[in-house]
1. Å³ per residue of the Cα convex hull, for the chain?
2. Sequence gap at least 6, Cα distance under 8 Å: using those rules, report the relative contact order of segment 98-157 to the nearest whole percent.
3. Need one word for segment 224-338: rounded, prolate or oblate. Basis is the Cα gyration tensor (sqrt eigenvalues a ≥ b ≥ c); a/c below 1.5 gives rounded, then a/b vs b/c decides.
4. Between helix 126-142 and the chain, what is the angle of the helix's C-alpha long axis to the longest principal axis, kept within 0 to 90° and rounded to the nearest 10?
5. How big is D for segment 149-232, in µm² s⁻¹ as a whole number, if Stokes-Einstein is applied with the Kirkwood radius of its Cα pairs at 20 °C and 1.002 mPa s?
6. Keeping every protein chain present and rolling a 1.4 Å probe, give me the accessible area per residue for segment 96-154 in Å².
7. Note the full-extension length gain between residue 30 and residue 238 as 0.36 nm times their separation in residues minus their Cα-Cα distance, in nm to one decimal.
8. Need one word for segment 202-258: rounded, prolate or oblate. Basis is the Cα gyration tensor (sqrt eigenvalues a ≥ b ≥ c); a/c below 1.5 gives rounded, then a/b vs b/c decides.
Amino acid sequence: MAEADPPARTISLGTGVAAIEAAAWDALHDGGNPFIGHAFLSLLERSGSVGPGTGWQVAPLLVEDEAGTLLAAAPAYLKTHSQGEYVFDHAWADAWARAGGDYYPKLQIAAPFTPVPGPRLLSQNRDDALLLIRAAEAVVRQNGLSSAHATFVAPDQMRLFEEAGWLVRRDIQFHFANAGYAGFDDFLGTLTSAKRKQLRKERARAVEGLRIEEFTGAAIRHEHWDAMWLFYQDTGARKWGQPYLTREAFDLMGAQMADDIILVLAYDANDRPLAGAMHFIGADTLYGRYWGCLVDIPYLHFELCYYRAIDIAIERGLGRVEAGAQGGHKLARGYGPVATWSAHYIADPGFRRAVADYLETERRAEEAEMDWLEGHMPFRRKD
């Protein structure tokens, strides 16, 4: 008996996530990660944070059936630079340019400006997810691009990229794991005596003369967003030269995602906001995303971004806190090393071999670093 033909599929490059029905996009994932949801991705477009003039040309990969029903999608962008990715390929771009090639534009499958692991192939069907990978490869070949990249890919999806022959890259972040703690003191009890004293000292020192307030949902008012925007601008100007998000993006977050956001603001004795951190709430994770301050206060960054995040996660029964990219200083504060993953499709065979050799050397160094970090966690040794 002859096998039935596979169902017909149409693969296309969309013009934007905002142009797609929200319910259709969000039906493709479980809703646990806010940064691949329609609300977040579309507000980046509507606010001008991505799109014309930003170097992020919105180009989602789409798979539809004969009736036009969306079956799979990937948030994708044609990039003319490597900013806002947190997986650094500048050396690859320089090498390809020296060889006479044009590294940009490249295809980037990612949640923009967001070093948060999560699904990048949005589909309830494995075959349709694989079609997205093949679609990315076709976009590269048909348009003469140098490469395609999928960054901060959920570990369970990396197998699909590996099966497709993409190069694999591993990096390290630092996450807090909630082991069912009753409170922050319960967590402190798992640390060495020296670390417990250090963290208590830092928390006390950070809030001297300050009032710390948390706001979420409808309690976040316009003046809170104004303050958070100033803090974000300060950090963005120092780290990246200019902030990635526009002011309108913050307003749209407040209008569309406030229930998924917690602002932690620090006020002085005159009720002037001095610093703040923005956290996003996922299904089982608190995501620390943006931070800034107007006055340099020792340990306040740790308090708002790391310690308060632990408080919130424990209070809400969340399994972990992800506090952003890099930051070995998080290790001493109970955030353990966790591998993060990216996948890379390099069109030119010679360039691919060179990148593969680079990644192999990098992998050995990264494995040694992971071993060292795991051996220097601040927890008490169990008998």
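The values are calculated or read from the model by the stated rules, or taken from the named source; none is laboratory data. On a predicted model such as this, the values are computed, not experimentally measured, just so you know. With ideal geometry, Cβ positions are generated from the backbone for all residues, glycine too; neighbour counts draw on all protein chains shown. Heavy atoms of the whole protein, side chains included, go into the accessibility calculation; ligands, DNA and RNA do not. Shrake-Rupley method; radii C 1.70, N 1.55, O 1.52, S 1.80 Å.
1. Details: hull volume 65.2 nm³, N = 383.
Enclosed volume per residue, from the Cα hull, is 170 Å³.
2. Numbers: 61 pairs, mean separation 32.6, N = 60.
Once divided by the residue count of segment 98-157, the mean separation gives 54 percent.
3. Details: a/c = 1.42, a/b = 1.21, b/c = 1.17.
Judged from the Cα gyration tensor, segment 224-338 comes out rounded (a/c under 1.5).
4. Here the helix axis deviates by roughly 70 degrees.
5. On the way: Rh = 18.0 Å.
So the translational diffusion coefficient is about 119 µm²/s.
6. Working: 2100 Å² over 59 residues.
Per residue, segment 96-154 has an accessible area of 36 Å².
7. Working: separation 208, 0.36 × 208 = 74.88 nm, distance 3.57 nm.
The residue 30-residue 238 span can extend by a further 71.3 nm.
8. Working: a/c = 2.82, a/b = 1.19, b/c = 2.38.
Oblate shape, in that a/c is at least 1.5 and b/c is the bigger or equal ratio.
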